[in-house]
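**Student:** Below is the structure I would like to discuss, written out as structure tokens.
Read-outs: derived from the displayed coordinates by stated rules, not from any lab. All of these numbers come straight from a predicted model, not from anything done at the bench. FYI the Cβ positions are ideal-geometry reconstructions off the backbone, even for glycines, and counts take in every protein chain you see.
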Amino acid sequence: MTPAPSRVVVRAPGKINLSLGVGAVDAHGYHALATVFQAVDLYETVTASRADTLSLEMTSSVPGELPLDGSNLALRAAELMREEFSLTEGAALHIDKQVPIAGGMGGGSADAAAALVALDRLWGLGLGGEGLRRLGARLGADVPFAMLGHTALGRGNGGDLTTVLTHGEWTWLLAIPGGHLSTPQVFRTFDEIVRTTGRRPAEQPEVDERQLQALSGGNIELLAETLENDLQVAAFALHPGLEPVVETAERLGAPAALVSGSGPTVAVLVEDEAQARSIAAGLMRDSLVDSCLVVRGSAPGASVLVEE
């Protein structure tokens, strides 16, 4: 019998939403969603070590603060796992952050996903991918995707996932403006805009089939035509600096740009790294963003780096 490890290191990716259709609200207060997630090669790395109690520390290469108390998604993941399986084990958790904080890129969800995978190994539960994704879905719709990675279609509240095949390489410029946006506030503003305009959201929104064709065929022009985010108008209303970023990126030659998820990170689709650097220089020159990152799309999901 293999002895239980004393330390497990897992990394999980951040994500962007290539499309996000927001539908009607269900009886539990959740919006029906149809989204295409794409994981990018910015990672959250979680180390879980044996300990008598649960604790959490963090180092970060991105600006902003995250709570290290019970509201943190990694700690919530650990508590959920202990409660679900009646465990008393502890763990010392450490997060190394690369994903922008409160940027609409699922960094907290990646923390939760990595923590669940690491603790599954550390505590010898052997839940497997499907069991871990089911558990993760209880923490948020983005958590199962951070485990799965690559590119996927999300339905329901976003956690019902189907892998999307992609061809070729996808390069993105992440334009990061100052400030943060609260996801619940963005959804509330979206609801207010819908009420004001008298529009009835679909009971169950659908993803544009052309987007799936663009991804499978490696067609950047078609993908550019199909990038869509129903929350973008709400993000623009809450953060006036966002619309100029999207408009300027496209004026500088980007095939397309959109707010990722609830924002405020703007995902700029680019032809290659050289174009990304050129557009980044223009956005920085005009003082429209605090920083820019060039990333590759369809990165792998949560993976164990060390188990010892």
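**Student:** Could you rank the peptides 278-285, 61-68 by their average count of other C-beta atoms within 10 Å per residue, with the highest value first?
**Tutor:** Going from most to least packed, we get 278-285, 61-68.
**Student:** Also, quick follow-up: Which whole-number percent is the relative contact order of the chain (Cα, under 8 Å, 6+ apart)?
**Tutor:** On the way: 741 pairs, mean separation 84.4, N = 308.
That works out to 27 percent.
**Student:** What angle do you read, to the nearest 10 degrees and between 0 and 90, between the alpha-carbon axis of helix 242-251 and the longest principal axis of the chain?
**Tutor:** The helix 242-251 is inclined about 60 degrees to the chain.
**Student:** When Lys and Arg each count +1 and Asp and Glu each count -1, what net charge do the other residues less than 13 Å away from Gly70, Cβ to Cβ, add up to?
**Tutor:** Once positives and negatives cancel, what remains is -1.
**Student:** Could you tell me how many cubic angstrom of Cα convex hull volume the stretch 54-190 has per residue?
**Tutor:** Spread over its residues, the Cα hull of the stretch 54-190 gives 140 Å³ apiece.
**Student:** Related question: Looking at the stretch 31-85 from every direction and averaging, what is the projected area of its Cα convex hull in nm²?
**Tutor:** Values: hull surface 25.9 nm².
Projected area, direction-averaged: 6.5 nm².
**Student:** Quick one: net charge around Gln204, please, counting Lys, Arg +1 and Asp, Glu -1 for every other residue with C-beta under 12 Å from its C-beta.
**Tutor:** -3
**Student:** Mind jotting down a quarter of the surface of the convex hull over the alpha carbons of the chain, in square nanometres, one decimal?
**Tutor:** Seen from a random direction, the Cα hull of the chain projects 16.0 nm² on average.
**Student:** How big is the dipole moment of the stretch 171-296 about its Cα centre under a simple scheme where the beta carbon of each Lys and Arg is +1, that of each Asp and Glu is -1, and everything else is neutral? Debye, nearest 20, please.
**Tutor:** In total the dipole reaches around 320 debye.
**Student:** Based on alpha-carbon positions alone, could you give the equivalent ellipsoid semi-axes of the stretch 171-296 from the gyration tensor, as √(5λ), descending, whole Å?
**Tutor:** Numbers: eigenvalues 124, 83, 22 Å².
Taking √(5λ) for each Cα gyration eigenvalue gives 25, 20, 10 Å.
**Student:** Putting +1 on Lys and Arg Cβ atoms and -1 on Asp and Glu Cβ atoms, find which of Trp170, Leu212, Phe190 reaches farthest to the positive end of the dipole of the stretch 144-247.
**Tutor:** Most positive-ward Cα: Phe190.
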